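These notes are about the structure you will find just below.
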Amino acid sequence: MSKILLFAGTTEGKNLAAACRDQNLELWVSVATDYGKTRIEPADNIHVLCGRKDAEGIGQLLEEIKPELVIDATHPYAAVVTENVKSACGEKGVEYIRLLRDGGTEDDSFVFAEDTESAAAFLNTVEGKVLLTTGSKELDKYTAVKGFEERIYARILPMPDGIKRAMDLGYPCSHIIGMQGPFSYEINKATMEMLGVSYMVTKVTGAEGGFTDKVEAASDCGVKSIVIKRPAKEEGLSYGECLGILKERYGVEPAKEVTVLGIGMGDKETLTLEADKACRDADLIIGAKRIAESLSSYGKPLAFAIAPKDIERIVRESAEQRFVVAMSGDTGFYSGTKKLLPLLSDLNTKVLPGISSIPYFCSLIGESWDDALLVSAHGRYCNLVGKIKNNPKVFALTGGDMGIKEIAKALCENGLGTTKLVVGENLSYENERITAGTAEELKTLEFDSLAVMLAKNEEAGNALVTQGLEDDAFLRAEVPMTKQEIRAVTLAKLKLSKNSVCWDVGAGTGSVSLEMAKAAEDGFVYAVEKNEDACTLIESNMKHLGITNVEVVRGLAPEALSDLPAPSHVFIGGSSGSMIPIIQAALEKNPSVRIVMNTVTVESLSDVQDAVKALGLVNEDYVQLSAARGRKVGRYHLMTAQNPVFIVSCDGPGSIEGSEEQR
């Protein structure tokens, strides 16, 4: 088995070791400190050696291991170590590769120092507090700075030896910051603001070492960056080029790493720290154009894709190893993450949540959201008017055909014009805007296509939830209507769910259609009616009751049913002599459909029975319902009988329950 020796001291070295896990080679990883050892994940084919080695020690290591390849991934400022490794490999005749990290961007606004001594000398020419971010090795040289005990804050690794050394040199405990990096822009900025520093000392460690985040934070805080230059420019290979050599020679094929992360509203400042690190470590960032470009400051290559299949193709076809797939908002709230993850199940995939628009928006307007109904009307059907009518607090993502203006108009048309709305646009950006008012007040205003909304309907708590609305709740005219008592039992026999897709054939006033729509809040009802006056009445009742998940289908059944989607439930209140063809039309689209038929005459009941037998319907149930209503005559109450109604319920022959009972 091939043997490789890796001198690791950078994030790239750690990542290269991870890429060799469980591959067909033996990898020895040499690190200088116990901390470095903790960063290398162990494996059967990976052996970690801990301790600093001089030129002689490196030569002995080469003799013991006898590697065919040495990769030097030590820190760019560890020039002596690099020279020793390179020299030892030359003497022993071992192939040597230097892995280089990107140096980052240099800026004319920096103060460049040739070395640590020069940086300390410069600090003696100025006043103000200083943040050192160069580690603990050379802290002794900064004791030459006048008043260092009060001026200098040293950010070093939280290792006992380093902290003890700083204290022994005279740095007060309050000026020693023990933290493990690299650090995000946000942490750097918060640290500088808290300490009130005027200068920050760093080295050109590249994006992987957090250089960009440090100098950008310093610039935004008005802190001058003192940058210690790198040693003489080196020659070597990038991380990707080193990985390519391992793949070509040794067949190293590590599982690609994909991080699916929520970026919040889009402003980089709302990223979580873990998401920030994932972006800094990524080789390629993938996402919708607007979303991916919001992460362009990381300096990573971008690929634009929205559809899960397109994202999967990019990941599988790309030579890169580490990917970030950026999703707007949170990965668990109406996100493409749900469809993407199954496509990447064989890869090393993890999901990082984001700060979604819900908590961000509600924090801005001082509202809780634990008692709100959360829905999305962005590019999808949503019975939003129904949701607002029945719930005191609704949070909605909007967009597409359901913009804020359209929602406000729909609320007004359905008797909900006094509903209080709060709208958030361009959340987290400089042009962020919050607008509040009633639906009536907002229906003429223009809003951004992508906005969020909180609707508060104080009357929702009084909304009726039981079946069987009062007959007087409906507009009547001269159109026949299924009465309250019959309607309540009919709905019970239909056994509707929240997502039911219903046909109401012979809908009349639409009383059954509208009550089905109330029960199937997330479903849809098609009210089929041949009488034009009745169709107009149904539409009037929809607005009168504030129900929007009903579509009136004008025409005679069964012809009018041909273009409708497959029903889960069918109610037949009037068949015009076409009972069997109507049921056949439903069975062709769903053999397991639930059917309820109401008849008044004995002849119609006979037609129902013929249909049940002819079409093999199962689980049939027959109910004859007679109701009498009281009316006051003087000081007496008399009961007036209503026409008796036959209610027949059954299932299509494809029903699982039906099949079991038949057996």
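The values are calculated or read from the model by the stated rules, or taken from the named source; none is laboratory data. Every value quoted in this text rests on a predicted model; they were computed, and no experiment measured them. Every residue, glycine as well, gets a Cβ built from its backbone with ideal geometry; the counts of neighbours run over all protein chains shown.
Just one of (1) out of contact with any Gly (no Cβ under 9 Å at 6 or more places or on another chain); (2) surrounded by fewer than 16 Cβ atoms within 10 Å (Cβ to Cβ); (3) within 21 Å of Trp369 (Cα to Cα); (4) not β-branched (Val, Ile, Thr) fails for Glu430. It is (3).
Report, by residue number, each residue of segment 257-272 that is farther than 20 Å from Ala319 by Cα and either more than 16 Å from the chain's Cα centre (by Cα) or among the polar types (S, T, N, Q) (or both).
Of all residues in segment 257-272, those farther than 20 Å from Ala319 by Cα come to 261-272.
Result: Glu269, Thr270, Thr272.
Considering only residues in segment 61-84 that are of a type in the set (D, E, K, R) and under 47 Å from the mean Cα position of the chain (by Cα), the one that is farthest from Ile97 (Cα to Cα) turns out to be Glu68. Go through segment 488-512 and give me each residue that's among the charged types (D, E, K, R) and surrounded by fewer than 24 Cβ atoms within 10 Å (Cβ to Cβ). The answer is Lys493, Lys495, Lys498.
State the number of residues belonging to segment 38-56 that are in a helix (DSSP H, G or I) and surrounded by 14 or more Cβ atoms within 10 Å (Cβ to Cβ).
Keep residues of segment 38-56 that are in a helix (DSSP H, G or I), which gives 38, 55-56.
Still in the running and surrounded by 14 or more Cβ atoms within 10 Å (Cβ to Cβ): 55.
Total satisfying the criteria: 1.
In segment 352-367, the qualifying residues are those that are of a type in the set (A, V, I, L, M) and crowded, with 18+ Cβ neighbours inside 10 Å, and the one that is farthest from Glu312 (Cα to Cα) is Ile358.
Considering only segment 132-158, state which residues are hydrophobic (A, V, I, L, M, F, W, C), more than 37 Å from the chain's Cα centre (by Cα) and either in a strand (DSSP E or B) or surrounded by 15 or more Cβ atoms within 10 Å (Cβ to Cβ) (or both). Don't jump to the end; show me each part of the working.
Applying the first criterion (hydrophobic (A, V, I, L, M, F, W, C)) to segment 132-158 yields 132, 139, 144-145, 148, 152, 154, 156-157.
Then keep just the ones that are more than 37 Å from the chain's Cα centre (by Cα); that gives 132, 139, 144-145, 148, 152, 154.
Answer for segment 132-158, where residues must be hydrophobic (A, V, I, L, M, F, W, C), more than 37 Å from the chain's Cα centre (by Cα) and either in a strand (DSSP E or B) or surrounded by 15 or more Cβ atoms within 10 Å (Cβ to Cβ) (or both): Leu132, Leu139, Val145, Phe148, Ile152, Ala154.
Taking segment 424-448 as the range and being among the hydrophobic types (A, V, I, L, M, F, W, C) and either over 18 Å from Ile355 (Cα atoms) or free of Cβ contacts under 8 Å to residues at least 24 places away in the same chain (or both) as the test, the residues that pass are Ile434, Ala436, Ala439, Leu442, Leu445, Phe447.
Taken as a whole, the condition of being within 25 Å of Glu470 (Cα to Cα) and among the acidic types (Asp, Glu) applies to Glu551. Lys632: basic (Lys, Arg) and farther than 25 Å from Gly510 by Cβ, yes or no? Taking the combined requirement at face value, the residue satisfies it.
Residues are listed down the side, and each one gets a yes or a no for (1) in contact with a strand residue (DSSP E or B) (Cβ under 7 Å, 6 or more places away or on another chain); (2) of a type in the set (Val, Ile, Thr); (3) not assigned by TED's automatic domain parsing to the domain that holds Phe211:
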{"residue": "Phe7", "(1), (2), (3)": "yes, no, yes"}
{"residue": "Lys14", "(1), (2), (3)": "yes, no, yes"}
{"residue": "Gln23", "(1), (2), (3)": "no, no, yes"}
{"residue": "Leu27", "(1), (2), (3)": "yes, no, yes"}
{"residue": "Glu41", "(1), (2), (3)": "no, no, yes"}
{"residue": "Asp44", "(1), (2), (3)": "no, no, yes"}
{"residue": "Val48", "(1), (2), (3)": "yes, yes, yes"}
{"residue": "Ala55", "(1), (2), (3)": "no, no, yes"}
{"residue": "Glu68", "(1), (2), (3)": "yes, no, yes"}
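Taking every residue in segment 369-383 that is over 13 Å from Met453 (Cβ atoms) and pairing it with any residue that is in a strand (DSSP E or B) and of a type in the set (Gly, Ala, Ser), at least 6 positions away or on another chain, the pairs with Cβ-Cβ distances below 8 Å are Gly379/Gly399. Restricting segment 561-577 to residues that are among the aliphatic types (A, V, I, L, M) and either at pLDDT below 95 or buried (at least 24 other Cβ atoms within 10 Å of the Cβ) (or both), the residue that is farthest from the chain's Cα centre (by Cα) is Ile572.
Rundown of residues vs (1) assigned by TED's automatic domain parsing to the domain that holds Glu521; (2) under 30 Å from Ile388 (Cα atoms); (3) outside any strand (DSSP E or B); (4) not aromatic (Phe, Trp, Tyr), yes/no style:
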| position | (1), (2), (3), (4) |
| --- | --- |
| His544 | yes, yes, yes, yes |
| Thr548 | yes, yes, yes, yes |
| Val552 | yes, yes, no, yes |
| Ala560 | yes, no, yes, yes |
| Leu564 | yes, yes, yes, yes |
| Ile582 | yes, no, yes, yes |
| Ala586 | yes, no, yes, yes |
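Could you please give the count of residues in segment 488-521 that are assigned to a helix (DSSP H, G or I) and within 17 Å of Met542 (Cα to Cα)?
Matching residues across segment 488-521 total 9.
Given the criterion among the hydrophobic types (A, V, I, L, M, F, W, C), assigned by TED's automatic domain parsing to the domain that holds Ala121 and not in a loop (DSSP other than H, G, I, E, B), identify the matching residue among Val215, Val260. Quick ask: steps written out before the conclusion?
Values: Val260 fails: assigned by TED's automatic domain parsing to the domain that holds Ala121.
Going through Val215, Val260 in turn, the sole match is Val215.
Would you mind finding the one in Asp330, Asp370 that is surrounded by fewer than 17 Cβ atoms within 10 Å (Cβ to Cβ) and within 30 Å of Thr438 (Cα to Cα)? It would help to see each step written out before you state the result.
Working: Asp330 fails: surrounded by fewer than 17 Cβ atoms within 10 Å (Cβ to Cβ).
Matching residue, one of Asp330, Asp370: Asp370.
Every residue in segment 170-185 that is part of a loop (DSSP other than H, G, I, E, B) and surrounded by fewer than 16 Cβ atoms within 10 Å (Cβ to Cβ), please.
Of the residues in segment 170-185, the ones part of a loop (DSSP other than H, G, I, E, B) are 170-172, 179-184.
Residues satisfying the conditions are Gly170, Pro172, Met179, Gln180.
Looking across Val612, Val608, Val596, one residue alone is surrounded by 13 or more Cβ atoms within 10 Å (Cβ to Cβ) and part of a strand (DSSP E or B). It is Val596. Report yes if some residue within segment 627-637 is touching a Gly at 6+ places or on another chain (Cβ under 9 Å) and at pLDDT 90 or above; otherwise report no. Looking for residues that are touching a Gly at 6+ places or on another chain (Cβ under 9 Å) and at pLDDT 90 or above, one finds none in segment 627-637, hence no.
When Asn541, Asn531 are checked against the criterion of being under 30 Å from Lys409 (Cα atoms), at pLDDT below 95 and out of contact with any Leu (no Cβ under 6 Å at 6 or more places or on another chain), a single residue qualifies: Asn531.
Within segment 111-124, residues that are in contact (Cβ under 8 Å) with a residue 40 or more places away in the chain and within 10 Å of Lys146 (Cα to Cα) have Cβ atoms under 8 Å from residues that are assigned to a loop (DSSP other than H, G, I, E, B) and hydrophobic (A, V, I, L, M, F, W, C) in these pairs: Leu123/Val145, counting only partners at least 6 apart in sequence or on another chain. Does any residue of segment 192-202 turn out to be closer than 26 Å to Thr74 by Cα and either free of Cβ contacts under 8 Å to residues at least 60 places away in the same chain or aliphatic (A, V, I, L, M) (or both)? Yes.
Counting the residues of segment 27-83 that are in contact (Cβ under 8 Å) with a residue 24 or more places away in the chain and on the phi > 0 side of the Ramachandran plot gives 1.
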